[in-house]
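Shown next, in structure tokens, is the structure this report addresses.
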Amino acid sequence: MTTYTKIKQIDVESFKELTPAQDFIGVTVYVTVPVRIIDGSKIKEVMTAITSSGDKFSLNENELFARGFYSKRRPSPRQRWSEKSISGFLTGEKVDLQEAFLEIEGLLKEYIDFNDDRWYLVLTCWIIGTYFHRYCDSYPYIHLNGEMESGKTKTLKLVSLLSFNGELTFNSTPSYIIRTIHDNHSTCCIDEAEKLKNSKDENSQLVIGMFNAGYKMGEFTGKAETQGRDQKWQPVQFEAYSPKMFASIRGLEPSL
């Protein structure tokens, strides 16, 4: 007598790609944060997806598969959300948006001097919006243009601390910037942006391309990288879209 095992067929088309650092799928928001856990005698960080519906799961292939997702990206943001705050959010604590707005506006007024108070409102809205930028088809850039010691770098620093996965990229390598935009959807705060005009190496040119196109969702730039055990060259695409703020004395590249 022959017995047959019935194998459940899985429809690949039913799986959705998740961009874990920040994504909006249906009515649910997904963000990834590092969560510290005790592993034996060590404390390690585990990249964990938090959802607006109160779910929490480790960012690995098995957990994604169980929820009908797949992902080509592995975000690695710094810890900016404490375990206490995460726990409070997951147990139903709510954040008052008006209170958050006023607190951010107050910090901007404490540390930065604008000659027009409306800029505090604009910058506060822009900072809050970085936490929702992947809900939008595009996100506006801000360019701080002024003389030396006018407060450009201070503004960039403060914005990088308040924005979604903010990065002050003054001393960052081009390869780091490429991946922090692609994997972390970071808010990039770029100081001395006029230096981009003189960048000639391949990675720097790719960064310039990401800056030029990266105000729109779905824009990618590509390069060839060695991958796998045999280290063969393969074409790799990097998403360019993320919020960006520039500071310069002499202006930006015309295409930017």
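The values are calculated or read from the model by the stated rules, or taken from the named source; none is laboratory data. None of these values were measured; they are calculated from a predicted model. Cβ sites come from the backbone with ideal geometry, for glycine too, and all protein chains shown count toward neighbours. Heads up: the accessible areas ignore ligands, DNA and RNA and are worked out on the full protein's heavy atoms, side chains in. Shrake-Rupley method; radii C 1.70, N 1.55, O 1.52, S 1.80 Å.
A quick yes/no check of all residues on (1) closer than 30 Å to Lys216 by Cβ; (2) open to solvent by 30 Å² or more (accessible area, probe 1.4 Å); (3) in a helix (DSSP H, G or I); (4) modelled with pLDDT under 95:
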site: Gly92; (1), (2), (3), (4): no, yes, no, yes
site: Leu107; (1), (2), (3), (4): yes, yes, yes, no
site: Glu110; (1), (2), (3), (4): no, yes, yes, no
site: Val122; (1), (2), (3), (4): yes, yes, yes, no
site: Trp126; (1), (2), (3), (4): yes, no, yes, no
site: Tyr131; (1), (2), (3), (4): yes, yes, yes, no
site: His143; (1), (2), (3), (4): yes, yes, no, yes
site: Met148; (1), (2), (3), (4): no, yes, no, yes
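Of Ser160, Ser175, all but one fail to be under 23 Å from Ser204 (Cβ atoms), surrounded by 13 or more Cβ atoms within 10 Å (Cβ to Cβ), out of contact with any Lys or Arg (no Cβ under 9 Å at 6 or more places or on another chain) and modelled with pLDDT of 95 or more; the exception is Ser160. Please tell me if Ile50 is of a type in the set (Val, Ile, Thr), under 24 Å from Leu158 (Cβ atoms) and surrounded by 10 or more Cβ atoms within 10 Å (Cβ to Cβ). In short, no. Residue check: Pro75 meets all listed conditions (1) over 23 Å from Glu239 (Cα atoms); (2) in contact with a strand residue (DSSP E or B) (Cβ under 6 Å, 6 or more places away or on another chain) but one, namely (1).
If a residue counts only when it is more than 21 Å from the chain's Cα centre (by Cα) and of a type in the set (A, V, I, L, M), which strands (runs of 3 or more DSSP E) contained entirely in segment 12-56 have at least 2 such residues? Explain how you work it out, then say what you get.
Numbers: elements: 22-25, 28-39, 42-51.
Answer list for segment 12-56: 28-39.
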